[in-house]
Amino acid sequence: MGRIFIAPSILSCNFLALEKEIKDVERAGADMIHIDVMDGHFVPNITIGPMIVEAVKRVARTPLDVHLMIENPAQYVEGFIAAGADIVTVHAEADHHLFRTIDVIKSMGKKAGVSLNPSTPLAMLDHVITEIDMVLIMSVNPGFGGQKYIVTMDEKIKKARQMIQESGRAIDLEVDGGIKTENAKRVADAGANILVLGTGIFHTKDYKKTIQEVRKRVG
Ligand code: DX5
Ligand code: ZN
């Protein structure tokens, strides 16, 4: 495996100090900023819209990895890209016309990701794998930070890595939910190359130490 990328999820940062949190986590070695967008329909929580993404873009130096946990994502992808998203990920379960949405994202020069909830079969990717830049496997039911990693996702991640290899394309495999320094290695060993950590970074005291520890353990 190549390099492992660390994507801190600002869902669990101190929003009153958003600028400082972003700068701190980037200085600590983050490779990108993961932004969790929730609409209160696809998931039982409401979080961040394009206005906040635009504000984040003004201070972030790393790419913005925008994870849309919303119904009808096609209606919003352009807005999030205009706000500064570099990677836009939509849920296969929420989009009736995935090809069209992926097309829009790519035609705007951005990376397109497709995400699957823990219980959604990988077969959902069969016909789009040739089009996308990233697969995002949820290892918790999305909606909240701080949930426990679902261990049966190890197998799903392995199979997703296999699918990617068979596609012959350079597709990133991101895993999101319940990742901490303690279990980062099992996720990377299963085949993930981008690890999202929310509470696993922002609820620790020293972000740099945490990120270094993750790198040490997966390395
Ligand atoms: C889950 C979100 C995650 C979340 C991860 O609904 O998509 O990105 O912030 O948080 P942790 O790492 O605390 O599980
Ligand atoms: Zn996420």
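The modelled label-to-label distance for the pair Ala17/Glu78, using points 7 Å beyond Cα in the direction of Cβ, is 4.0 nm. Close amide H contacts of His91 (hydrogens built in the peptide plane, cut-off under 5 Å, sequence separation of 5 or more or a different chain): Ile70, Ser115.
Treating r as the C-beta distance of Lys185 and Lys57 and R0 as 35 Å, the FRET efficiency rounds to 0.60.
Taking 0.36 nm per residue of sequence separation and subtracting the Cα-Cα distance, how much length would be gained by fully extending the chain between Arg217 and Arg27, in nm to one decimal?
Working: separation 190, 0.36 × 190 = 68.40 nm, distance 1.98 nm.
Computed gain between Arg217 and Arg27 is 66.4 nm.
Residues whose amide H lies under 5 Å from that of Ile35, counting only those 5 or more places away or on a different chain, are Asp65, Val66, His67; hydrogens are built 1.01 Å from N in the peptide plane.
Among the trypsin sites (Lys or Arg not before Pro) in region 36-140, those placed in a DSSP loop whose Cβ has at most 10 other Cβ atoms within 10 Å are Arg61. Residues Ser119, Ser9, Ser167, ordered by accessible area of protein heavy atoms at a 1.4 angstrom probe radius and largest first, appear as Ser119, Ser167, Ser9.
Over the chain, consider all pairs of different Cα atoms and compute the Kirkwood hydrodynamic radius from their mean reciprocal separation; express it in Å, one decimal. Please list the in-between numbers first.
Values: mean 1/r = 0.0588 Å⁻¹.
This gives a value of 17.0 Å.
Arg169 sits among other residues whose Cβ lies under 12 Å from its own Cβ, and their net charge, with Lys and Arg +1 and Asp and Glu -1, is -4. Annotation for Ser167 and His41: the two label points, set 7 Å from Cα along the Cα-Cβ direction, are 2.7 nm apart. Counted by Cβ distance under 10 Å from Leu68, the other residues give a net charge of -4, where Lys and Arg count +1 and Asp and Glu count -1.
Please report, as a whole percent, how much of the solvent-accessible surface of the chain comes from carbon and sulfur atoms (probe radius 1.4 Å).
Values: 5270 of 10010 Å².
Roughly 53 percent, rounded to a whole number.
In this structure, Thr204 and Lys106 have a Cβ-Cβ separation that, at R0 = 30 Å, corresponds to a calculated FRET efficiency of about 0.25. Ligands, DNA and RNA are left out, and with a 1.4 angstrom probe the accessible area of region 85-219 is 45 Å² per residue.
Explain nothing, just the number: dipole magnitude of region 72-132 about its Cα centre with +1 on each Lys and Arg Cβ and -1 on each Asp and Glu Cβ, in debye rounded to the nearest 20.
Values: 4 positive and 7 negative charges, 27 e Å.
Using only the charged Cβ atoms, the result is roughly 120 debye.
The values are calculated or read from the model by the stated rules, or taken from the named source; none is laboratory data. Note that the coordinates shown come from a computational prediction; the quantities given were computed from them, not determined experimentally. No Cβ is skipped: glycine too gets one built from the backbone with ideal geometry, and neighbour counts run over all protein chains shown. Each accessible area value is taken on the protein alone, full model and side chains, heavy atoms only, with ligands, DNA and RNA left out. Shrake-Rupley method; radii C 1.70, N 1.55, O 1.52, S 1.80 Å.
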